[in-house]
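The values are calculated or read from the model by the stated rules, or taken from the named source; none is laboratory data. Just so it is clear, the structure is predicted and the values come from calculations on it, not from any experiment. Neighbour counts are summed over all protein chains in view; Cβ atoms, including those assigned to glycine, are modelled from backbone coordinates with ideal geometry. These accessible areas exclude ligands, DNA and RNA; they are computed on the full protein's heavy atoms, side chains included. Shrake-Rupley method; radii C 1.70, N 1.55, O 1.52, S 1.80 Å.
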Amino acid sequence: MVLTAVEIAAAVRAGDLDPVQVTKEALDRIAAADGVVGAFRRVRAEEALKEAAEVAARPDLASLPLAGVPVAVKDVTEIAGEYASHGSLAGPTSRAEADGVIATRLRAAGAVLVGLTRVPELCVWPMSDTPDGIARNPWDPTYASGGSSGGSAAAVAAGLVPLAHGSDGLGSIRLPAAMCGLVGLKPGADLLAEGGWFGMSVHGPMATTVADTAALLSVLAAKPGLASVPAPAPSRIAMSTTVPLLHTPVPRELVAAVAKAADLLTAAGHTTTSAAPRYPKTMVLGMTARWCAGPAVQAADFDFTRFQRRTRAHVRAGRLIQRAGLIRDRTRDRWVSRAEEFFAEHDVLMTPTLSHWPVRAGRWHERRWLTNVLPSTRLAGFTGQWNLAGYPAITVPVGRSAVSGLPTSVQLITKPGGESLLLGLAAQLESANPWPRTARK
């Protein structure tokens with residue numbers, strides 16, 4: 001079993017573990033398993049070993065929060081000497097001269113960047129396959145690991161690395177984390193926003209434990225206090241298992257996970273009731289417009305003729321939406337007003353994370369746009385609205401399906417600034433109902 005990030009960092013700081021050896025072991029695991037899992041677009045083997053040696057020689061080693069911890073980075077951010085492909089063969093391949101904010105903060109904390117993880121083209125879809133590979137669910141490789149942070153989820157769930165960075169525009173951290181049995185946190189827009197998708201996209205952590213999630217969040221956000229997970233005060237927790245507005249059926253075992261988590265949280269001293277926000281009908285249109293138009297803005301730097309056919313259709317739709325002026329602040333403002341109304345009466349909302357089971361792994365990038373849209377919208381019914389609102393949300397494992405063996409999970413949402421509350425509730429669930437950390441036997 002791979003040590004947690006917190007355990008690795010503590011041992012490196014104490015001089016009990018060598019960062020180079022830790023990195024070698026991670027690279028060995030990747031070499032042994034990634035041919036099946038497909039988590040990485042690029043493994044930085046030589047570079048990572050050099051970085052690990054540099055970490056070991058740092059005079060501030062004893063104070064580094066992620067000292068010697070191997071971390072996978074989603075293929076969307078600048079790393080010196082690398083290029084971010086965004087899952088596409090159509091983009092520029094000039095290598096970055098300097099680290100971006102994410103890589104800078106990870107390195108400053110003592111992390112070792114072992115590789116760039118696989119994403120779907122322009123991070124549009126909840127399945128992460130590209131012409132050179134498919135990110136598969138380590139619990140059952142016949143299923144997709146999710147997306148768009150699917151490679152990151154696969155890397156952690158397979159035990160290749162203890163931590164991974166992701167980004168989330170409509171559920172791209174929470175969906176793959178839920179599919180792969182991980183903790184995944186989408187921070188509020190005020191904490192780690194990157195400005196993409198008209199403000200819906202944020203950076204965040206994926207891990208096997210709540211403590212590791214908090215540790216990575218604190219580094220990504222440059223807020224050390226977030227690494228400490230508090231015991232939450234008694235909270236008013238509302239539960240809803242109905243897909244907002246669409247009311248599509250949710251599989252029984254995904255609904256049952258919410259009931260199980262509610263029992264655990266009630267036993268921990270919280271109040272649970274059934275309630276949901278008054279979702280405005282325009283909410284779905286608002287987030288869908290941004291989902292299409294956001295990648296269309298990014299596509300300006302890409303060769304349109306080299307895009308996958310589903311991406312070409314998506315970008316065309318996004319450009320039409322932009323020309324029609326359908327990205328409207330009032331759509332978001334109306335939804336935020338309803339969310340504020342709800343959270344004046346409740347501290348937390350709990351839902352299933354997934355509104356349907358994951359799709360089968362395959363070469364989805366070769367299929368038509370509509371063939372991708374239908375299963376994507378079917379499983380993401382509970383997540384995207386919180387990107388539009390900018391509210392923090394976390395997914396927490398609860399159990400496994402008796403039918404498929406895939407993980408089940410719940411999503412917890414709260415108002416802006418409440419990341420520590422979500423982590424505290426997640427820690428209570430973890431303590432009362434420990435989950436298997438990885439799919440490695």
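7 Å from Cα along Cα→Cβ at both THR266 and VAL36: what's the point-to-point distance in nm?
A separation of 4.1 nm, rounded to one decimal place.
Tell me, what are the semi-axes, in whole angstrom and largest first, of the equivalent ellipsoid of region 256-359 as set by the roots of 5 times the Cα gyration tensor eigenvalues?
Over the Cα atoms of region 256-359, the semi-axes work out to 37, 19, 10 Å.
With every protein chain present, what is the per residue accessible area of the chain (1.4 Å probe, Å²)?
Computed with neighbouring chains in place, this is 37 Å² per residue.
Against the 2.2 N^0.38 Å scaling, with N counting residues, where does the chain land? I'd like the Cα-based Rg ratio to two decimal places.
Cα-based Rg divided by the globular estimate yields 0.91.
When only C-alpha pairs under 8 Å and at least 6 residues apart count, what is the relative contact order of the chain, in percent?
Relative contact order, the chain: 18 percent.
Report the net charge of residues surrounding LYS260, where surrounding means a beta-carbon distance below 14 angstrom and charges are Lys +1, Arg +1, Asp -1, Glu -1.
My count for the surroundings of LYS260 gives -1.
Applying a 10 Å radius around every beta-carbon, put 296-309, 258-271 in order of their mean neighbour count, most first.
Ranked by mean Cβ neighbours within 10 Å, highest first: 258-271, 296-309.
Sorted by average packing, counted as other Cβ atoms within 10 angstrom per residue and highest first, what order do 340-350, 365-375, 120-130 take?
Per-residue Cβ counts within 10 Å, averaged per peptide and sorted highest first, yield 120-130, 340-350, 365-375.
Across the chain, how many lysine pairs, 8 or more apart or on two chains, come within less than 17 Å at their alpha-carbon atoms?
4
Ranked by accessible surface with a 1.4 Å probe, highest first, in what order do ASP329, ASP75, ASP60 come?
ASP329, ASP60, ASP75
Could you list the square roots of 5 times each eigenvalue of the Cα gyration tensor of region 289-338, that is, the equivalent ellipsoid semi-axes, sorted largest first and rounded to whole Å?
Computed over region 289-338, the values are 26, 9, 8 Å.
For region 161-272, evaluate the Debye formula with one uniform point scatterer on each Cα (no solvent term) and list log10 I(q)/I(0) at q = 0.10, 0.11, 0.12, 0.13 Å⁻¹, rounded to two decimals.
Scattering profile of region 161-272, log10 relative to I(0): -0.36, -0.44, -0.53, -0.62.
Out of the total accessible area of the chain (probe 1.4 Å, heavy atoms of protein only), what percent is carbon and sulfur?
Accessible surface attributable to carbon and sulfur in the chain totals 55 percent.
TYR143: accessible area at probe 1.4 Å, nearest 10 Å²?
Result for TYR143: roughly 30 Å² accessible.
Explain nothing, just the number: relative contact order of region 303-405, from Cα pairs under 8 Å at least 6 residues apart, as a whole percent.
After rounding, I find 37 percent.
Please work out how much accessible surface LYS24 shows to a 1.4 Å probe, ignoring ligands, DNA and RNA, in Å² rounded to 10.
Per-residue accessible area (LYS24): approximately 90 Å².
For VAL119, list long-range residues whose amide hydrogen, built 1.01 Å from N in the peptide plane, is under 5 Å from its own amide hydrogen.
GLY87
Tell me the mean residue ellipticity at 222 nm calculated for the chain from its helices only (DSSP H runs of n ≥ 4, each -39500 (n - 2.57), averaged over every residue, nearest 500).
-12000 deg cm²/dmol
With +1 on each Lys and Arg Cβ and -1 on each Asp and Glu Cβ, how big is the dipole of the chain about its Cα centre, in debye rounded to the nearest 20?
Here the size comes out at about 1620 debye.
Compute the separation of the alpha-carbon centres of region 311-378 and region 216-288 and state it in Å as a whole number.
That distance is 17 Å.
For region 59-115, I need the span (max minus min coordinate) of the C-alpha atoms along each principal axis, in Å, sorted largest to smallest.
Per principal axis, max minus min of the Cα coordinates gives 43, 19, 14 Å.
In the Gaussian network model of the chain, springs joining C-alpha atoms below 10 Å, which of GLY38, GLY424, GLY150 carries the largest mean-square fluctuation?
Fluctuation is largest for GLY424.
Around GLY390, under 13 Å between beta carbons, what's the net of Lys plus Arg minus Asp minus Glu among the other residues?
Residues close to GLY390 contribute a combined charge of -3.
Give me the Kirkwood hydrodynamic radius of region 388-434 in Å, from all C-alpha pairs, to one decimal place?
11.7
For LEU226, tell me the accessible area in Å² from a 1.4 Å probe, rounded to the nearest 10.
20
Taking just the alpha carbons, could you work out the radius of gyration and Dmax for region 335-441, both in angstroms?
So, for region 335-441, Rg and Dmax equal 16.3, 47 Å respectively.
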